[in-house]
1. Show me 92-105, 123-136 ranked by packing, highest mean number of other Cβ atoms within 10 Å first.
2. Within the chain, what whole-number % of the accessible surface is contributed by carbon and sulfur, with the 1.4 Å probe and all protein chains included in the calculation?
3. Could you provide, to the nearest whole Å², the per residue accessible area of the chain with probe 1.4 Å?
4. What is the Å³ per residue value for the convex hull set by the Cα atoms of the range 93-212?
5. So what is the calculated 222 nm ellipticity per residue for the chain, using -39500 (n - 2.57) for each DSSP H run with n of 4 or more, over all residues, to the nearest 500 deg cm²/dmol?
6. Which peptide among 67-76, 139-148, 166-175 comes first, and what is the full order, when sorted by highest mean count of other Cβ atoms within 10 Å?
7. Find the centroid of the Cα atoms in the range 1-73 and in the range 160-218, then give the distance between the two in whole Å.
8. Kirkwood hydrodynamic radius (Cα pairs, Å) of the chain?
Amino acid sequence: MIPVIAIDGPSASGKGTVAQRVAEKLNFHYLDSGALYRIVALSAQFQGIGETDENKLNQLTKSLRIEFKEGKILLNKQDVTESIRSEECGILASKIAAVKSVRDVLMNVQHQFKQHPGLVADGRDMGSVVFPESMLKIFLTATPEIRAQRRYNQLINKGISANINDLLQDILERDRRDLTRKESPLKQTPDAHFLDTSALTIDQAVNQVIQWFSDVSN
Ligand code: C5P
């Protein structure tokens, strides 16, 4: 049996950082499922495919060669690690993520990440749809204001100018889309632990996840 830790939550909640650190500590594989939707969005934009063109999006998603290598994300051998992180790409990803046939193709891609000795997967539907058998499920969140502030700090640290009110509006709009869509909406499953990181440091959040994991492992 390969253990999976599923960490789901809204945009900019910090789940990616927490999931990555937990994976490092446990020496597990890591799946950033949001990156897959962002890659589809980037390619669709590049090829001029509309966010509602289900047939073309399905063909496109099937044709993508995605690799996660030494901390870099490669699309058809090109490094897209930075370019998929833009706000614009995140917004388009959340629109394309509502398309069922895109989700179906990415489901198989995601299952391939489940390998020994274990996997930490972060996203919106890791515990509810993609890995319902997960040994540990976590719903990780923070208030929209804190999430906007964290995203703002991230951008400013990278030297990218940003407006906190615009970021807050984007986050609220993305939450609405992710929570209300028909296909695999973001939701906390009854068997998931709730982790509000609004008042926690990254280390505290990581330690909490490790503690829960050791509780279920013993
Ligand atoms: O997590 P991240 O912000 O990178 O995800 C980008 C978008 O991809 C999200 O807003 C969401 O709509 C979509 N997504 C999803 N299911 C996942 C991960 C991400 O629908 N498992």
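1. Values: 92-105: 19.9, 123-136: 22.3.
The peptides rank, most packed first, as 123-136, 92-105.
2. Working: 5590 of 11050 Å².
Of all accessible area on the chain, carbon and sulfur atoms account for 51 percent.
3. On the way: 11050 Å² over 218 residues.
Heavy-atom accessible area per residue stands at 51 Å².
4. Numbers: hull volume 16.4 nm³, N = 120.
Looking at the range 93-212, the number lands at 137 Å³ per residue.
5. Values: 8 runs with 106 residues, N = 218.
Roughly -15500 deg cm²/dmol at 222 nm, from the helical runs in the chain.
6. Numbers: 67-76: 12.9, 139-148: 20.3, 166-175: 17.2.
Packing proxy ranking, top to bottom: 139-148, 166-175, 67-76.
7. Between the Cα centres of the range 1-73 and the range 160-218 lies a distance of 16 Å.
8. Details: mean 1/r = 0.0567 Å⁻¹.
Value: 17.6 Å, from the Cα pair sum.
The values are calculated or read from the model by the stated rules, or taken from the named source; none is laboratory data. Fair warning: this is a prediction, and the values are worked out from it, not measured in the lab. When we count neighbours, we look across all protein chains shown, and the Cβ atoms used for this are built from the backbone with ideal geometry, even at glycine. Note: areas computed on protein heavy atoms with side chains; ligands, DNA, RNA excluded. Shrake-Rupley method; radii C 1.70, N 1.55, O 1.52, S 1.80 Å.
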